[in-house]
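The values are calculated or read from the model by the stated rules, or taken from the named source; none is laboratory data. Being a predicted model, the structure only gives us computed values, none of them experimental. All Cβ positions, glycine included, derive from the backbone under ideal geometry; neighbour counts span all protein chains shown. For accessibility, only protein heavy atoms count, side chains too; no ligands or nucleic acids. Shrake-Rupley method; radii C 1.70, N 1.55, O 1.52, S 1.80 Å.
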Amino acid sequence: KKKEIGEDLQTSKKQCDIRQKAYQRSLDTIKQHHKEGLTLFQSIESTYNHASELRLACEKFEKKLVKEKREAEQKLDEIRKEELAQELHASLQDGDPCPVCGSVNHHKKSFETHSSNETEHVKNEIDNITTSIEQLRTKRYEIDFAKTKTTQLIETLNEQMAEQPSRSEFTKHSSEYS
């Protein structure tokens, strides 16, 4: 009978050893997954922060471009006004009333002349700025989309990590077999 009990004890001890090794492997796997999850989380967080910085830079640059566009449009408007005043002045005849102010006395005035190249240059500048603003807005949309995806990844990672048993839980169970 003692021999049987000794054999049963040996068998139980071997099973305990096997279970303890399995728990240790599981604990090691959990530690590794936790470490990988933490590394992944840090990488995602870094990507999110970088995207936030890029978005802010896009916003600042867009404001600058909008201001430049407004200034270019004002310049074009001034050129057009100057050209219109020049055309109107050239059509005035002494004794005829001015269609703007009604005066019949027309003083000779020298006007700043603008070439059609200057007008075209300002128009092209406005078009280029408008294109750049549209491209920036597209990039900002892409950045916002990437940030949303990153947020979703973080939430998924948090959920997955929450589903994993904690180390203390595994340690408690493995110590039961020691």
Worksheet item: Hey, rough spin-label estimate for Ile30 and Leu56, points 7 angstrom out along Cα→Cβ, what's it come to in nanometres?
Response: 3.9 nm
Worksheet item: Given charges of +1 on the Cβ of Lys and Arg and -1 on the Cβ of Asp and Glu, with all other atoms neutral, how large is the dipole of segment 21-101 about its Cα centre, in debye to the nearest 20?
Response: 1240 debye
Fill in: Longest DSSP-loop-exposure-free segment, chymotrypsin sites (Phe, Trp or Tyr not before Pro), the chain, at most 16 other Cβ within 10 Å
1-110
Item to complete: Give the angle, between 0 and 90 degrees and rounded to the nearest 10, that separates the Cα long axis of helix 2-91 from the longest principal axis of the Cα atoms of the chain.
Response: 0 degrees
Item to complete: Please tell me the relative contact order of segment 1-122 in percent, rounded to the nearest whole number, where contacts are Cα pairs under 8 Å and at least six residues apart.
Response: 18 percent
Fill in: Highest-fluctuation residue, Asp96, Asp77, Asp144 considered, GNM on the chain with Cα pairs under 10 Å
Asp96
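Considering only protein heavy atoms, with the full assembly of protein chains and a 1.4 angstrom probe, order His33, His89, His107 by accessible area, largest first.
From most accessible down to least: His107, His33, His89.
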Worksheet item: Relative to the first principal axis of the alpha-carbon coordinates of the chain, what is the inclination of helix 116-163, with its axis defined by its Cα atoms, in degrees from 0 to 90 and to the nearest 10?
Response: 20 degrees
Discussion item. Give the residue list of GluC sites (Glu not before Pro) in segment 75-141 that are DSSP loop and have at most 14 other beta-carbon atoms within 10 angstrom.
Written reply: Glu112
Fill in: Whole-Hz ³J(HN,Hα) from phi, Karplus 6.51 cos²θ - 1.76 cosθ + 1.60, for segment 101-108, glycine and proline x
10, x, 5, 9, 9, 10, 7, 5
Discussion item. To the nearest 20 Debye, how big is the dipole of the chain about its Cα centre, given +1 on the beta carbon of each Lys and Arg and -1 on that of each Asp and Glu?
Written reply: 1780 debye
Worksheet, complete the sentence: The orientation-averaged projected area of the Cα convex hull of the chain, in nm², is 16.5 nm²
Worksheet, complete the sentence: Any lysines whose Cα falls less than 25 Å from that of Lys13, other than same-chain ones fewer than 8 residues away, would be Lys1, Lys2, Lys3, Lys21, Lys172
Worksheet item: Tell me, which longest segment in the chain has none of the trypsin sites (Lys or Arg not before Pro) that fall in DSSP loops with at most 12 further Cβ atoms within 10 Å?
Response: 2-107
Fill in: Extreme residue, positive dipole direction of segment 1-130, given options Thr130, Leu84, His33 (C-beta unit charges)
His33
Worksheet, complete the sentence: Pairs over 20 Å Cα to Cα, from Lys69/Lys109; Lys63/Lys139; Lys31/Lys149; Lys31/Lys147, come to Lys69/Lys109; Lys31/Lys149; Lys31/Lys147
